[in-house]
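Comments concern the structure below.
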């Protein structure tokens, strides 16, 4: 959704959204957030940063980077594993429905 100016419509802050909380809680429980002793820097497209902030509702650059990196660090690779087994499920597997 965009505003009349063509800019993305503001999104309510998601720092309390289920996904944000779940990712950041998992990162903490996994020991990935114990110390803030690393540093990262880089030149990025302003449009990319603005869109990511608009889509997530995250205003802080640091929180945006933490959320993005936590998502990558916690990736479960389910899609790759599922494809590796031919995208099939064992007929005897009880799925609960």
Residues of region 71-82 that turn out to be at pLDDT 80 or above and either surrounded by 10 or more Cβ atoms within 10 Å (Cβ to Cβ) or in contact with a strand residue (DSSP E or B) (Cβ under 9 Å, 6 or more places away or on another chain) (or both), as a count: 4
Count of region 31-70 residues which are surrounded by 14 or more Cβ atoms within 10 Å (Cβ to Cβ) and not in a loop (DSSP other than H, G, I, E, B): 12
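The values are calculated or read from the model by the stated rules, or taken from the named source; none is laboratory data. For clarity, every value in this text was computed on a predicted model and none was experimentally measured. Every residue, glycine as well, gets a Cβ built from its backbone with ideal geometry; the counts of neighbours run over all protein chains shown.
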